[in-house]
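*Asks:* Let me begin by handing over the structure; questions about it come next.
The values are calculated or read from the model by the stated rules, or taken from the named source; none is laboratory data. The structure displayed is predicted, hence computed values, not measured ones. Using ideal geometry, Cβ is built from the backbone for each residue, glycine included, and neighbour counts are taken over all protein chains shown.
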Amino acid sequence: MQHIYSDPTFAMACEQLDLVADYLQMPSSLHNRLRFPKRAITVAVPVRMDDGSVNIFHGYRVQHHLSMGPTKGGTRFTPGVTIGEVAALAMWMSWKCALAGLPYGGAKGGVTVDPLRLSPAELERLSRRYMQEMIPFIGPHVDIMGPDMGTNERVMAWFMDTYSAYRGHSVPEIVTGKPVSVGGTHGRREATGRGVVYLIERAANLLKLELAGGTVVIQGFGNVGSVAAYGLAYKGGMRVIGLSDISGAYRNDAGIDVRAADRHVRKHASLAGFPGAEAIPAEELLLTPCDVLIPAAVSGVIHRDNASRIRCRILAEAANGPTTVEADRILAGRAHELFVIPDILCNAGGVIVSYFEWIQSLQSFFWNETEVADRLFRVLEQAFTAVIKRARDEKISHRLAALAIGVERVMNAKKDRGLFP
Ligand code: NAD
């Protein structure tokens, strides 16, 4: 069926939902209500460029369901983002929030732009104008924004300032992932990567796998990938033998100096030309034998053609939707050798700490970093335990177990609220 969301990522999210709906024997009326987002907004975002010309960028926001509270989700600034991709990400946010027990429906936003091609002033004008276009459709109790690929604390501060200027007073609770100086929470920037590391340690513990001295490969060296790399290398004692970003993939079997790689990216904006590792073909990175493999960039990178050749003990899906449904069937057949931490569990640390930030902003009562981290680990522990138990009890994959818990909670909320009118 052709519709505005037609896109491979949305098709993948729907295929996953179909599998879970079948498994849960969900009535078709509910299934259809969960399949299509409640609201989708597209906006034209005019931006004056530094040379005086005006460029129109396409902006999107999708709010998936409204049954459990306001919607919540990040904003992605990437060149290829489509409304279908944003809708898929919003749907995954719904299952993720429900799995973590957060009182939110899923949302996501995006602007079709390569932020690396904008000057800082152009990026600020784009960020502010996108937020301004969204003001009629969002609010601290309607839809709360946050960061995602291509956006960061600075962009969140501009979002918050633009919304606040419109309201006439500070509204920090409209956005999460903002700097601590304007009401952000301690530990938000690190939250997703920190959660990924926590869950890898839990998985290793179950598998009786010693992480110290082991090897890790990470695709994507942005916020999530770099925090995970620091944690695993310097606290976990692991060797990061493969690393990649948009510029390509790099390998060093003796261990990449993560701090040096980070310094290189800060100076040159990407890993291109990093002297501490050898450049390898990008498609080889995920096939590098290692103990822990972390896709932390884009969706669909583990697919039919490489799923049987991945050689790791733990696959920690830090990115959203890194594994296609076809690949997932292959991985499910390899469950005895490969422990999957599915994306909606693995990267949930980000939205969990965003929830903490929203609460702190609403109450103007702030927690310290230890409190944030302790509470994060407690919520992750509950979700992890629930997923492992359900997978074991019902003899299903970790992904199906995670999705079943998330989707079932949304389904039950919808059932309990009934259909209006
Ligand atoms: P980011 O923009 O900080 O970093 C993305 C990294 O991926 C960069 O190093 C970029 O160069 C690299 N990259 C982009 N395209 C690539 C490609 N085709 N191949 C290899 N590398 C590529 O983004 P982030 O916040 O670290 O997010 C990474 C992933 O984690 C995304 O899938 C995002 O949706 C997911 N995620 C992020 C958060 C969060 O809190 N930031 C929370 C949950 C999930």
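*Asks:* Restricting attention to the stretch 142-162, which residues are surrounded by fewer than 24 Cβ atoms within 10 Å (Cβ to Cβ) and either in a strand (DSSP E or B) or free of Cβ contacts under 8 Å to residues at least 40 places away in the same chain (or both)?
*Replies:* Within the stretch 142-162, E153, R154, A157, W158, D161, T162 meet the criteria.
*Asks:* Taking the residues in the stretch 304-326 that are hydrophobic (A, V, I, L, M, F, W, C) and more than 16 Å from the ligand (Cβ to nearest atom) as candidates, determine which candidate is surrounded by the most Cβ atoms within 10 Å (Cβ to Cβ).
*Replies:* Applying the first criterion (hydrophobic (A, V, I, L, M, F, W, C)) to the stretch 304-326 yields 307, 310, 312, 314-316, 318-319, 325.
Restricting the remaining residues to those that are more than 16 Å from the ligand (Cβ to nearest atom) gives 307, 312, 314, 325.
Values: A307: 22, C312: 22, I314: 24, V325: 18.
Per the criteria, the residue is I314.
*Asks:* I'm checking my understanding of the structure. Among residues of the stretch 129-141 that are touching a Ser or Thr at 6+ places or on another chain (Cβ under 9 Å) and surrounded by fewer than 19 Cβ atoms within 10 Å (Cβ to Cβ), which one is nearest to R188 (Cα to Cα)?
*Replies:* P140
*Asks:* Could you please let me know if C346 is farther than 25 Å from N32 by Cα and under 21 Å from the mean Cα position of the chain (by Cα)?
*Replies:* The answer is yes for C346.
*Asks:* Report yes if some residue within the stretch 360-367 is outside the structural domain of K108 (by TED's automatic domain parsing), of a type in the set (A, V, I, L, M) and within 12 Å of the ligand (Cβ to nearest atom); otherwise report no.
*Replies:* No, the stretch 360-367 has no match at all.
*Asks:* Which one of these does R189 not meet: (1) within 10 Å of the ligand (Cβ to nearest atom); (2) assigned to a loop (DSSP other than H, G, I, E, B); (3) surrounded by fewer than 24 Cβ atoms within 10 Å (Cβ to Cβ)?
*Replies:* (2)
*Asks:* Residue pairs, Cβ under 7 Å, 6 or more apart or interchain, first in the stretch 331-342 and over 14 Å from L403 (Cα atoms) and free of Cβ contacts under 8 Å to residues at least 40 places away in the same chain, second of a type in the set (A, V, I, L, M, F, W, C) and surrounded by 13 or more Cβ atoms within 10 Å (Cβ to Cβ). List them.
*Replies:* As it stands, the answer is L338/C312; L338/L315; L338/L331, since those pairs meet every condition given.
*Asks:* Still on this structure, I have one more. Which residue is surrounded by the fewest Cβ atoms within 10 Å (Cβ to Cβ), if the candidates are limited to the stretch 228-255 and must be in a loop (DSSP other than H, G, I, E, B) and touching a helix residue (DSSP H, G or I) at 6+ places or on another chain (Cβ under 8 Å)?
*Replies:* Once the filter is applied, the top-ranked residue is G255.
*Asks:* Looking at the stretch 201-227, which of the residues that are within 22 Å of E337 (Cβ to Cβ) and within 16 Å of the ligand (Cβ to nearest atom) is surrounded by the most Cβ atoms within 10 Å (Cβ to Cβ)?
*Replies:* The qualifying residue surrounded by the most Cβ atoms within 10 Å (Cβ to Cβ) is I218.
*Asks:* Tell me yes or no: at least one residue of the stretch 62-82 is among the β-branched types (V, I, T), buried (at least 24 other Cβ atoms within 10 Å of the Cβ) and not in a strand (DSSP E or B).
*Replies:* Scanning the stretch 62-82 turns up at least one residue that is among the β-branched types (V, I, T), buried (at least 24 other Cβ atoms within 10 Å of the Cβ) and not in a strand (DSSP E or B).
*Asks:* Across the stretch 140-156, which residue is nearest to S299 (Cα to Cα) among those that are out of contact with any Phe, Trp or Tyr (no Cβ under 9 Å at 6 or more places or on another chain) and more than 16 Å from the ligand (Cβ to nearest atom)?
*Replies:* My answer is V142.
*Asks:* Is it fair to say G150 is within 27 Å of L380 (Cβ to Cβ) and of a type in the set (G, A, S)?
*Replies:* Yes, satisfied.
*Asks:* Let me ask another. Just give me the residues in the stretch 164-186 being part of a helix (DSSP H, G or I) and in contact (Cβ under 8 Å) with a residue 40 or more places away in the chain, in sequence order.
*Replies:* P172, E173
Table: residues versus (1) assigned by TED's automatic domain parsing to the domain that holds D148; (2) in a loop (DSSP other than H, G, I, E, B); (3) over 12 Å from the mean Cα position of the chain (by Cα).
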site	(1), (2), (3)
P275	no, yes, yes
G321	no, yes, no
E326	no, no, yes
E357	no, no, yes
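*Asks:* Looking only at residues that are assigned to a loop (DSSP other than H, G, I, E, B) and without any contact (Cβ under 8 Å) to a residue 60 or more places away in the chain in the stretch 256-269, which one is nearest to the ligand (Cβ to nearest atom)?
*Replies:* It comes out as I256.
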